[in-house]
Amino acid sequence: MESAVEAVRRLNRMGMFATIDILGENVRSQQQATRAADNYINLLKTIAASGIDSHISIKLTQMGLDISDEFCFDNVSRILETAAGLKNFVRVDMEGSLYTERTLNLVYRWHEKYGNVGAVIQAYLYRSEADVAECIRRGISVRLCKGAYREPKEVAFQAKEAVNANFVKLAEMLLKSGHYPAIATHDGKMVEAAIDQANRLNKRNGEFEFQMLYGINRSGQRELVRKGYRMRIYTPFGTHWFPYYLRRLRERKENIFFIMRHFFRD
Ligand SMILES: Cc1cc2nc3c(=O)[nH]c(=O)nc-3n(C[C@H](O)[C@H](O)[C@H](O)COP(=O)(O)OP(=O)(O)OC[C@H]3O[C@@H](n4cnc5c(N)ncnc54)[C@H](O)[C@@H]3O)c2cc1C
């Protein structure tokens, strides 16, 4: 946790915000899920005490979604209460499509009760246009990403061009009527499209933000900050890094060098 805090401090100095993720997913026991929530509560207190500018990102399968919705609801509520007391914000990452419906329903319930929680919508899913519309209607902040899981053609666009076209369409909906949307991508074309749309819609830089993953496309991150855009860096830490690593590897084979370099350096 100390090294994550130091990494975020460095990002803050470069004019970037962060969202910290404690790596982990698909836990099977209540004990593990309770411990994971306790770790996040500890993280929120550490963020407040250290003065860094960072939200947190959580995965519901780390919080006990595989055990039951109600257990997960109560477990995450403890994190949200702590975050509310510290005036912080919790983003609920989106996992595989088998969890989408349940994840969004839980986010809707938490949002009604606490407010300081946001959703993630994946542009590769056919259902996402309707989900974006529902989040807009409810005033829920959305992080828009392409989607990182292998999904069948019954539920998701398979061609890159189709995913990109949907990303641009959903970004426009969010920039037009969304509640402080986050455009999460390393793809220069998607970034440009979002900037064009924001300009057309007369949206100021403070009304939305870009997000990228720690260490990926650093020059793009710095360039956007230099141009005055808000940039938040997803900063994961912890021992359960393997599934995260595999998803990054599937996106881009060259990421193996990036991960190996950081593995030995950090
Ligand atoms: C902040 C954040 C949070 C996320 N949260 C989730 C989530 O909750 N659920 C989920 O399913 N997915 C999440 N993702 C992952 C996301 O869905 C994609 O899998 C991932 O971002 C890769 O897609 P891309 O938009 O970068 O485009 P891609 O199509 O993968 O890449 C497009 C282009 O980006 C550029 N690029 C990619 N990698 C690099 C690099 N290393 N260096 C330089 N340029 C590069 C290249 O030009 C590349 O051609 C998140 C991503 C981000 C950035």
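Worth a mention:
- Breaking point among (1) closer than 22 Å to Gly24 by Cβ; (2) touching a Phe, Trp or Tyr at 6+ places or on another chain (Cβ under 8 Å), for Tyr124: (1)
- Taking each residue of region 82-110 that is within 22 Å of Glu129 (Cβ to Cβ) and looking for partners that are within 13 Å of the ligand (Cβ to nearest atom) and basic (Lys, Arg) with beta-carbon atoms closer than 7 Å, six or more apart or interchain, yields Arg91/Arg143; Asp93/Lys59; Glu95/Lys59.
- Only one of the numbered conditions (1) under 23 Å from Gln158 (Cα atoms); (2) under 14 Å from the mean Cα position of the chain (by Cα) is violated by Arg91, and that is (1).
Conditions tested, residue by residue: (1) hydrophobic (A, V, I, L, M, F, W, C); (2) within 16 Å of the ligand (Cβ to nearest atom); (3) modelled with pLDDT of 95 or more.
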| position | (1), (2), (3) |
| --- | --- |
| Ala33 | yes, no, yes |
| Asn39 | no, no, yes |
| Ala48 | yes, no, yes |
| Leu65 | yes, yes, yes |
| Arg91 | no, yes, yes |
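- Between Lys146, Lys113, the distinction of being within 11 Å of the ligand (Cβ to nearest atom), at pLDDT 95 or above and charged (D, E, K, R) belongs to Lys146 only.
- Region 142-159, residues that are of a type in the set (Lys, Arg) and either farther than 17 Å from Lys189 by Cβ or open to solvent by less than 30 Å² (accessible area, probe 1.4 Å) (or both): Arg143, Arg150, Lys153
- Residue within region 91-103 that is touching a strand residue (DSSP E or B) at 6+ places or on another chain (Cβ under 9 Å) and farther than 24 Å from Lys169 by Cβ present: no
- Any chance Thr235 is at pLDDT below 90, on the phi < 0 side of the Ramachandran plot and touching a Leu at 6+ places or on another chain (Cβ under 9 Å): no
- Matching residues, region 116-143, being farther than 27 Å from Glu70 by Cβ and near the ligand (Cβ under 9 Å from one of its atoms): Ala123, Tyr124
- Residues of region 154-190 satisfying the condition of being of a type in the set (A, V, I, L, M) and within 19 Å of the chain's Cα centre (by Cα): Val163, Val168, Leu170, Ala171, Met173, Leu174, Leu175, Ala182, Ile183, Ala184, Met190
- Inter-residue pairs, beta-carbon under 7 Å, first touching a residue at least 24 places away in the same chain (Cβ under 8 Å) and on the phi > 0 side of the Ramachandran plot and in region 51-73, second among the polar types (S, T, N, Q) and away from the ligand (no atom under 16 Å from the Cβ), 6+ apart: Gly64/Gln30; Gly64/Asn75
- Those residues of region 56-68 which are assigned to a helix (DSSP H, G or I) and polar (S, T, N, Q), in sequence order: Thr61, Gln62
- Pick from region 69-88, criterion open to solvent by 40 Å² or more (accessible area, probe 1.4 Å) and outside any helix (DSSP H, G or I), ranking: nearest to Gly147 (Cα to Cα): Lys87
- Check on Ala48, within 17 Å of the chain's Cα centre (by Cα), closer than 30 Å to Arg222 by Cβ and open to solvent by less than 60 Å² (accessible area, probe 1.4 Å): no
The values are calculated or read from the model by the stated rules, or taken from the named source; none is laboratory data. Note that the structure is predicted; figures quoted are calculated from it, not measured. Cβ atoms come from the backbone with ideal geometry, glycine included; neighbour counts cover every protein chain shown. What goes into the accessible areas is simple: the full protein's heavy atoms, side chains included, and nothing from ligands, DNA or RNA. Shrake-Rupley method; radii C 1.70, N 1.55, O 1.52, S 1.80 Å.
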